[in-house]
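K.L.:
I'd like to ask some things about the structure below.
The values are calculated or read from the model by the stated rules, or taken from the named source; none is laboratory data. Just so it is clear, the model here is predicted, and its values are computed rather than measured. Cβ placement follows ideal geometry from the backbone for every residue including glycine, while neighbour counts extend to all protein chains displayed.
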């Protein structure tokens, strides 16, 4: 399946090193508690076959792959579930022969669901424009919301919910919102998330000084 899907996406103009990620873990699986013992059920973790990003850290689409004993749309419900987790408007299911596409923000004359041939996968600018429409991002704020995350030598990256929190916060500030409330549970990385928000605001030259009070 990889022999077909990766070339089809690359041929549409997606950069394999910057924009295409394979087998991306979205949720690590639930924690099961038994008495005084607890363990994570890794068998129930959720991971997407492909996550496509406009820039690293700004996901715009999910692609699920199934074999060609199924229809192209067989994996669509799974793709839509994953698209809901990271809140992107574009979900695709692939069976080796064609793509089934779901667009949450169809324009005039466009269908929500369509079938695409192997050589008709949407290029990055199309899905980025769709994402901007879905997330209410104005063209003049585009450079503001695509600033990269801080990456240290360990290669640590924000978890899926941290990415969503950071992106939503930056996008809200770009729209002019002045008061925002983020609620995160103990152990979910509030300090790390806040640091990444501050880092991206600095890189965008949106703020000169920030106060982080604990």
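K.L.:
Need a quick list: strands (runs of 3 or more DSSP E) entirely within region 1-101 having at least 1 residues that are buried (at least 22 other Cβ atoms within 10 Å of the Cβ), in contact with a strand residue (DSSP E or B) (Cβ under 8 Å, 6 or more places away or on another chain) and modelled with pLDDT of 90 or more.
P.N.:
46-55, 58-65, 90-94
K.L.:
Only one residue in 151, 159, 168 is at pLDDT below 85 and closer than 22 Å to residue 83 by Cβ. Which one?
P.N.:
159
K.L.:
I've got another one for you. Check whether at least one residue in region 117-138 is farther than 30 Å from residue 100 by Cβ, within 17 Å of the chain's Cα centre (by Cα) and surrounded by 11 or more Cβ atoms within 10 Å (Cβ to Cβ), and report yes or no.
P.N.:
The answer is no; no qualifying residue exists.
K.L.:
List pairs: first in region 90-117 and free of Cβ contacts under 8 Å to residues at least 60 places away in the same chain, second loosely packed, with under 12 Cβ neighbours inside 10 Å, Cβ under 7 Å, 6+ apart or cross-chain?
P.N.:
Correct list of pairs: 95/67; 98/117; 102/112; 103/110; 103/112; 106/112.
K.L.:
Any residue in region 69-90 that is under 20 Å from residue 20 (Cα atoms) and more than 22 Å from the chain's Cα centre (by Cα)?
P.N.:
Scanning region 69-90, I find no residue that is under 20 Å from residue 20 (Cα atoms) and more than 22 Å from the chain's Cα centre (by Cα), so the answer is no.
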